[in-house]
Amino acid sequence: MMPTKTTFKIVSWDERPFDEPESGPKLTHAHVQRSFDGELIGTGNLMYLMTHLDSGDATFLGYEKVVGSLGGRKGSFVLLHTGSYDGGKAKAQLEVVLGSGTEELTGLTGKGSFSAGHAEEHEMPFEYEI
């Protein structure tokens, strides 16, 4: 696996509830647009499903289509996000969905992570293989 130096910014975040009981967890979905810079350059179109607990913590699952270039190779791929939010910080594990790479990224495998607070730009360690 080849490690990369990549950062991302949240371009937009549109979150809406789809189940808001009087007590218990609230369920939401969020459409998120991200931009990437570094060895991964491009844009991400992401949809999260989230469970918000009464404590203020949350868990989430999402799929993101990334379009751009990775290590100079152009194409797109899909990332699976699994993570949690607690103490003002979101943490997630990322994995390339097998078979999702297109064009010069066909055959891409990879994984990464992020830990994001309220800063404008966040590091996203990511390693991959084609």
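The values are calculated or read from the model by the stated rules, or taken from the named source; none is laboratory data. Since the structure is predicted, the reported quantities are computational estimates derived from the model, not experimental observations. We place every Cβ from the backbone using ideal geometry, glycine too, and count neighbours over all the protein chains shown. Ligands, DNA and RNA are excluded from the accessible area calculation, which covers all protein heavy atoms including side chains. Shrake-Rupley method; radii C 1.70, N 1.55, O 1.52, S 1.80 Å.
See the values below:
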read-out: Charge dipole (debye, nearest 20) of the chain; +1 at Cβ of Lys and Arg, -1 at Cβ of Asp and Glu; value: 320 debye
read-out: Relative contact order %, the stretch 82-130, counting alpha carbon pairs below 8 Å whose residues are six or more apart; value: 32 percent
read-out: Among 80-88, 19-27, the order from most to least packed when residues are scored by Cβ within 10 Å on average; value: 80-88, 19-27
read-out: Positive dipole terminus of the chain, leading residue within SER113, THR43, TRP13 (C-beta point charges); value: THR43
read-out: Carbon and sulfur %, accessible surface of the chain computed with the full protein complex present, 1.4 Å; value: 52 percent
read-out: Electrostatic dipole magnitude of the stretch 1-75 [Cβ: Lys, Arg +1; Asp, Glu -1; Cα centre; debye, to 20]; value: 620 debye
read-out: Under 26 Å from LYS91, Cα to Cα: lysines that are on another chain or at least 8 residues apart; value: LYS5, LYS9, LYS26, LYS65, LYS111
read-out: Three-way shape call for the chain based on the alpha-carbon gyration tensor, with the a/c threshold at 1.5; value: prolate
read-out: Burial order of peptide ranges 93-105, 46-58 (average beta-carbon count within 10 Å, highest first); value: 93-105, 46-58
read-out: Relative contact order for the stretch 5-93, counting Cα pairs under 8 Å that sit 6 or more residues apart, in percent; value: 20 percent
read-out: In Hz, Karplus ³J(HN,Hα) per residue of the stretch 35-47 (6.51, -1.76, 1.60; θ = phi - 60°; x = Gly, Pro); value: 10, 10, 9, x, 6, 9, 10, x, 10, x, 10, 10, 10
read-out: Å² of accessible area per residue within the chain, as computed with a 1.4 Å probe and no ligands counted; value: 57 Å²
